[in-house]
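The next block holds one structure in the form of structure tokens; read it before the comments.
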Amino acid sequence: MAWSQDEERMLLQIERHLTDEDPRLAARLESFNERVQRREGRRKRRVRGEGGSVRGPRGTTVVIVVSWMLIAILIAMLLVLVLRHEAAAALPL
């Protein structure tokens, strides 16, 4: 939403007054605003698929599901190997 000319003029006056009154606070607020803008820029790139290794929620879910499936398969294989070994050890030779 765009600001009207009067609102922009009042905001500039407030900003000048704040800078004159407390320059340290003004510098902190400016630094905070820059960090927020950088973070928002990263979020926009993430949504558009830019940024290389950044995954969205769907990609993360797929990675988690595949990881759990691999863990379950490994456990099942270990159980089969243990049970076969015990059964083979019980056979008289």
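Put a dot 7 Å past the Cα of residue 70, heading toward its Cβ, do the same for residue 6, and the two dots end up 6.3 nm apart.
Label-to-label distance, residue 77 versus residue 15, with points set 7 angstrom from Cα along the beta-carbon direction: 6.1 nm. Per-residue 3J(HN,Hα) values for region 19-25, derived from phi via the Karplus relation 6.51 cos²θ - 1.76 cosθ + 1.60 with θ = phi - 60°, read 5, 6, 6, 9, x, 5, 5 Hz in sequence order (x marks Gly and Pro). Treating r as the C-beta distance of residue 25 and residue 58 and R0 as 35 Å, the FRET efficiency rounds to 0.25.
The numbers here are math on the coordinates, done by the rules we state, and not lab data. Since the structure is predicted, the reported quantities are computational estimates derived from the model, not experimental observations. A quick note on method: Cβ atoms are made from the backbone with ideal geometry, for glycine too, and the neighbour counts reach across all protein chains shown.
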